[in-house]
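Reviewing the structure listed below.
The values are calculated or read from the model by the stated rules, or taken from the named source; none is laboratory data. Predicted model only: the values in this text are computed from it and were never measured. Heads up, the Cβs are rebuilt from the backbone with ideal geometry, glycines too, and the neighbour counts pull from every protein chain shown.
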Amino acid sequence: MSIRVRFAPSPTGALHIGGARTALYNWLLARGSDGTLVLRIEDTDRERSTPENVEQILDALRWLELDWDEGPISQSDRADRHREEIARLVAEDKAYLDDGAVRLRVPEGQTTVEDVIRGTVTFENETIDDFVIARSDGSPLYNLAVAVDDRDMEITHVVRGDDHLSNTPRQLMVIEALGIDRLPIYAHLPLMHGPDGKKLSKRHGAASVQELREAGYLPEAVRNYIALLGWGYDAESTFFTTEELIERFSLERVSRSPAVFDEQKLRWMNGRYLRELDGAELTRRVESFTGRTGLGPAVEISREKMQTLSEFWPMAGFFVEAQPYDERAWAKVMKDGAVERLGLARAALAELASFEPEPIEAALRAVVEQTEVKPRKVFQPVRLAISGTTISPGIFESLAVLGRDTALERIDATLARAKDS
Ligand code: GLU
């Protein structure tokens, strides 16, 4: 029997990190077994489902490089099929009309969910009222649509968030009423919390895939990190290539306890992934993130200090164009003779035969000796002049990458501003 799984997002918002994990786990199951991943858009909630949300979800999946084999199939396109089954249930007296709406007759007894992750979970049927499977306008409701679709699409494994566990007995009742004899295997993934133990939300930083993307994370780092939210291979392993994830992932190793999404850990992991990219690839990523070109040398000297793509511009945008001065840095640096030292540094840099890191360093250190101050008393004004701040990649390399003309121009601008103030 080959595995058929589905990812079934409701397009009522962006793709949440929890949803991305569900998508990833389904994808890993399919790819690890020559199986099939069906993408089903569950848009039975007509008011809250929008085409923009569908597009955003597909976009997030593509960004994470999670491809699907069938779909996207919109549940709303299958409404006739759902109506057919509803009519059949009414004809067989397994469901009935109540003020126009159709309710399923909940049988007596218990309903047991066999869950790979949660184990056996038993529900007393008397706690469940006859529930609505179609509105009075005839439109099918969620639990009915899911059961019919999972059957029609021959889904073998239903892997989804824990919040759906309480829907499962209802879906099993529909399945039973429809006379379906082969049940899918269920696996409900643990809830996702922020580091403070609360349900994951924007309060914890990024909560959707789109936000992670905009925050400058790499898709491969996000994929690796979210794979570990509820699953682990062994106690030590943290970094997995996609091939390793495909090979090693199994539902049996998914934990029951809530997973904790910790953006600091993702950031650390992202930094590792970022530094592993070769120069050309990292440059390509930074350029596509910032929408700029010609960033190669600037990327090369910033790479050790970057953990996300979004950190590039604040740190290295000055290579591309002059940045406004950080006024607090200015106040701290441009005092006690800093202007004179900057003037001396300018003169030394202007005289250099070769504008390379080594001679630049020698020239600036000569100014340090001459003025008898700590090195930073010379380096910081130069740094502020070229970058607008006191944080930049190595000052000698930075000057070399910037080039003499631009460096001197910026120092002149700084000296002029200091004179005016
Ligand atoms: N459409 C549901 C959701 O987005 C998923 C239902 C399911 O996987 O069965 O939460």
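Being touching a residue at least 24 places away in the same chain (Cβ under 8 Å), assigned to a helix (DSSP H, G or I) and among the polar types (S, T, N, Q) holds for only one residue in S310, S257, and it is S310. Restricted to segment 72-89, and to residues there that are within 13 Å of the ligand (Cβ to nearest atom) and more than 18 Å from V132 (Cβ to Cβ), the residue that is surrounded by the most Cβ atoms within 10 Å (Cβ to Cβ) is I73. If only residues of segment 45-63 that are among the basic types (K, R) and outside any helix (DSSP H, G or I) are counted, the one that is modelled with the lowest pLDDT is R46. Before we move on, is H188 within 16 Å of the ligand (Cβ to nearest atom), without any contact (Cβ under 8 Å) to a residue 40 or more places away in the chain and not acidic (D, E)? It is false that H188 is within 16 Å of the ligand (Cβ to nearest atom), without any contact (Cβ under 8 Å) to a residue 40 or more places away in the chain and not acidic (D, E). A count restricted to segment 295-319 and to residues that are in contact with a helix residue (DSSP H, G or I) (Cβ under 8 Å, 6 or more places away or on another chain) and exposed (fewer than 15 other Cβ atoms within 10 Å of the Cβ) stands at 1.
Picking from residues in segment 342-392 that are closer than 21 Å to A413 by Cα, assigned to a loop (DSSP other than H, G, I, E, B) and not aliphatic (A, V, I, L, M), the one that is modelled with the lowest pLDDT is S392.
When each of H193, H157, H188 is tested for being of a type outside the set (K, R) and modelled with pLDDT under 95, the lone residue that passes is H193. Residue count for segment 1-23, restricted to those that are crowded, with 23+ Cβ neighbours inside 10 Å and among the aliphatic types (A, V, I, L, M): 6.
Test K377 against the criterion of being surrounded by fewer than 20 Cβ atoms within 10 Å (Cβ to Cβ) and in contact with a Lys or Arg (Cβ under 8 Å, 6 or more places away or on another chain), and give yes or no. Considered against the rule, which asks whether it is surrounded by fewer than 20 Cβ atoms within 10 Å (Cβ to Cβ) and in contact with a Lys or Arg (Cβ under 8 Å, 6 or more places away or on another chain), K377 comes out as yes. Among the candidates R346, R285, the residue that is crowded, with 16+ Cβ neighbours inside 10 Å and farther than 30 Å from W63 by Cβ is uniquely R346. From the set of residues in segment 235-258 that are of a type in the set (D, E, K, R) and closer than 25 Å to I3 by Cα, which is surrounded by the most Cβ atoms within 10 Å (Cβ to Cβ)? By that ranking, first place goes to R248. Going by the conditions given, is I57 within 16 Å of the ligand (Cβ to nearest atom), in contact with a helix residue (DSSP H, G or I) (Cβ under 7 Å, 6 or more places away or on another chain) and under 30 Å from F240 (Cβ atoms)? Taking the combined requirement at face value, the residue does not satisfy it. For segment 160-171, filtered to residues that are more than 8 Å from the ligand (Cβ to nearest atom) and either under 29 Å from the mean Cα position of the chain (by Cα) or surrounded by fewer than 18 Cβ atoms within 10 Å (Cβ to Cβ) (or both), the residue that is nearest to K94 (Cα to Cα) is T168. With respect to T293, is the statement that it is outside any helix (DSSP H, G or I) and either more than 18 Å from F239 (Cβ to Cβ) or touching a Gly at 6+ places or on another chain (Cβ under 7 Å) (or both) true? The answer is yes for T293. Listed conditions (1) under 30 Å from S255 (Cβ atoms); (2) surrounded by fewer than 16 Cβ atoms within 10 Å (Cβ to Cβ) are all met by I117, apart from (2). Taking segment 90-115 as the range and being outside any strand (DSSP E or B) and more than 10 Å from A134 (Cβ to Cβ) as the test, the residues that pass are A91, E92, D93, K94, D99, R105, V106, P107, E108, G109. Quick check: anything in segment 326-333 of a type in the set (G, A, S) and within 18 Å of the chain's Cα centre (by Cα)? Among the residues of segment 326-333, not one is of a type in the set (G, A, S) and within 18 Å of the chain's Cα centre (by Cα), which makes the answer no. The residue that is farthest from W231 (Cα to Cα), among those in segment 1-44 that are more than 14 Å from the ligand (Cβ to nearest atom) and assigned to a loop (DSSP other than H, G, I, E, B), is M1. Taken over segment 233-254, residues that are part of a loop (DSSP other than H, G, I, E, B) and at pLDDT 95 or above amount to 6. Of the numbered criteria (1) of a type in the set (D, E); (2) closer than 25 Å to L282 by Cβ; (3) touching a residue at least 40 places away in the same chain (Cβ under 8 Å), the one D326 fails is (2).
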